[in-house]
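Notes follow once the structure below has been shown.
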Amino acid sequence: MQIYLQSYGAKLRVKDRLFEVIVFDENQRVKKEQFSPKEVDGIWLSTHTSLSADAIMLAAQNNVSILVMNHFGMPVGRFLSTQPSSTTKIQKRQLEASIGKEGVKHIKNWTSQKLERQSEFISLQLKSRSNPDPELCRDCIEHLTGLKEKVLALEAESIDEIADTIRGLEGTAGRFYFTTLGQIVPPGFRFEGRSRRPAKDIFNAMLNYGYGILYARVEEALFSAGINPYVGFLHRDGHRFKAMVFDFIEPYRVWIDQVVFRLASQKKIGKKHTIKKDGGLWISDHGKRVLVHAINEFMKFKKMKYNNKTHHPEFVLLAEARAFASSLKQD
């Protein structure tokens with residue numbers, strides 16, 4: 001499990017060798033809850049929260065990572081135990097793969113997986129009685145399938161030879177996908193395409209924060225598997241830029257789309273979960289709590305097929321990160 005500190009003034013300390021979370025309710029009454037370090041995988045802190053040095057040491061002793069996020073939900077810092085989690089061979093091979101044909105193979109795989117999962121998600125909406133435009137969905141699926149085939153047909157000795165083509169195909173796919181998604185969401189949530197920070201509508205505001213949460217989960221999975229998050233294949237290296245996280249996240253973004261779509265369909269989000277600022281919409285603290293809870297529920301309890309067995313997304317993400325690391329050691 002993860003401990004999330006999000007509400008203003010929330011604190012994490014140690015009491016009786018247990019993590020103790022202290023939060024304040026709407027009437028400023030203190031609420032306390034304790035957790036065994038053996039049950040905790042990670043500690044996530046948002047703005048206006050704090051933890052003690054004792055909590056940091058207890059986390060380090062139990063190999064619990066600590067992540068600090070900004071108000072966008074994006075990770076800005078991480079504290080890890082000094083206990084090694086991988087061999088140096090993985091990262092040496094990752095560097096070699098980034099400039100060779102192996103990097104091409106992985107980028108084609110991740111990009112095609114992303115388009116396939118987007119197509120599957122739109123296909124699910126075709127079965128919904130409330131779908132306002134089945135023809136639009138079928139057209140989107142056809143385009144995504146065709147673009148996926150183009151990605152898989154690409155051949156190159158290094159990713160630099162096809163990087164612009166990949167980005168172009170991804171961009172085209174994204175326009176088809178989000179235009180379609182924006183028209184089939186429930187009335188009151190419809191939008192005309194992706195809008196980032198700031199978002200123009202509540203659905204995109206939720207996506208923006210949700211992708212930030214997913215970014216942190218992907219980064220954690222890569223760290224756990226021994227992958228260097230700064231050495232990318234398609235997203236190239238830059239100062240303090242975690243290029244591999246942006247590469248690896250692509251097939252999993254649709255999970256956040258599903259979560260936000262469900263929240264909208266069930267009318268669990270609305271105007272009260274956003275605030276207007278800087279010419280756009282941002283998620284309020286209440287909205288963040290609703291979204292984080294929904295993402296956690298999805299990651300822990302959503303059932304999906306993986307390697308002919310049923311698993312939850314949290315398991316799948318870590319398993320695929322470890323499979324990626326294993327492939328680097330074997331090649």
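The values are calculated or read from the model by the stated rules, or taken from the named source; none is laboratory data. Worth saying up front: this structure is predicted, and the values here are computed from it rather than measured. Glycine also receives a Cβ, built like all others from the backbone with ideal geometry; neighbour counts cover every protein chain displayed.
Some points to look at:
- Count of the stretch 305-331 residues, restricted to those that are surrounded by 15 or more Cβ atoms within 10 Å (Cβ to Cβ) and among the β-branched types (Val, Ile, Thr), is 1.
- Unique residue being surrounded by fewer than 23 Cβ atoms within 10 Å (Cβ to Cβ), in contact with a Gly (Cβ under 9 Å, 6 or more places away or on another chain), modelled with pLDDT of 95 or more and not basic (Lys, Arg) when the list is 193, 174, 146: 174
- Condition broken by residue 110, with the remaining ones in (1) without any contact (Cβ under 8 Å) to a residue 40 or more places away in the chain; (2) within 25 Å of residue 254 (Cα to Cα) satisfied: (1)
- Within the stretch 43-53, if we keep just the residues that are surrounded by 20 or more Cβ atoms within 10 Å (Cβ to Cβ) and outside any strand (DSSP E or B), the residue that is nearest to the chain's Cα centre (by Cα) turns out to be 46.
A quick yes/no check of all residues on (1) assigned to a helix (DSSP H, G or I); (2) buried (at least 19 other Cβ atoms within 10 Å of the Cβ); (3) modelled with pLDDT under 75; (4) of a type in the set (Val, Ile, Thr):
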site: 55; (1), (2), (3), (4): yes, yes, no, no
site: 63; (1), (2), (3), (4): no, no, no, no
site: 68; (1), (2), (3), (4): no, no, no, yes
site: 77; (1), (2), (3), (4): no, no, no, no
site: 81; (1), (2), (3), (4): no, no, yes, no
site: 85; (1), (2), (3), (4): no, no, yes, no
site: 89; (1), (2), (3), (4): yes, no, no, no
site: 97; (1), (2), (3), (4): yes, yes, no, no
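- Flag if residue 38 is closer than 30 Å to residue 253 by Cα and modelled with pLDDT under 90: yes
- Residue within the stretch 112-132 that is under 30 Å from residue 288 (Cα atoms), in contact with a helix residue (DSSP H, G or I) (Cβ under 7 Å, 6 or more places away or on another chain) and among the hydroxyl-bearing types (Ser, Thr, Tyr) present: yes
- The set of residues in the stretch 271-299 that are free of Cβ contacts under 8 Å to residues at least 24 places away in the same chain and among the charged types (D, E, K, R) comprises 272, 276, 297.
- Flag for residue 213 being farther than 26 Å from residue 329 by Cβ, in a strand (DSSP E or B) and either in the same structural domain as residue 296 (by TED's automatic domain parsing) or modelled with pLDDT of 90 or more (or both): no
- From the options 180, 145, residue that is in contact with a helix residue (DSSP H, G or I) (Cβ under 8 Å, 6 or more places away or on another chain), polar (S, T, N, Q) and farther than 22 Å from residue 265 by Cα: 145
Rundown of residues vs (1) within 21 Å of residue 272 (Cα to Cα); (2) outside any helix (DSSP H, G or I); (3) over 21 Å from the mean Cα position of the chain (by Cα), yes/no style:
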| position | (1), (2), (3) |
| --- | --- |
| 137 | no, no, yes |
| 147 | no, no, yes |
| 157 | no, yes, yes |
| 169 | no, no, yes |
| 172 | no, no, yes |
| 205 | yes, no, no |
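- Single condition residue 259 does not satisfy, out of (1) among the β-branched types (Val, Ile, Thr); (2) under 14 Å from the mean Cα position of the chain (by Cα); (3) surrounded by fewer than 21 Cβ atoms within 10 Å (Cβ to Cβ): (3)
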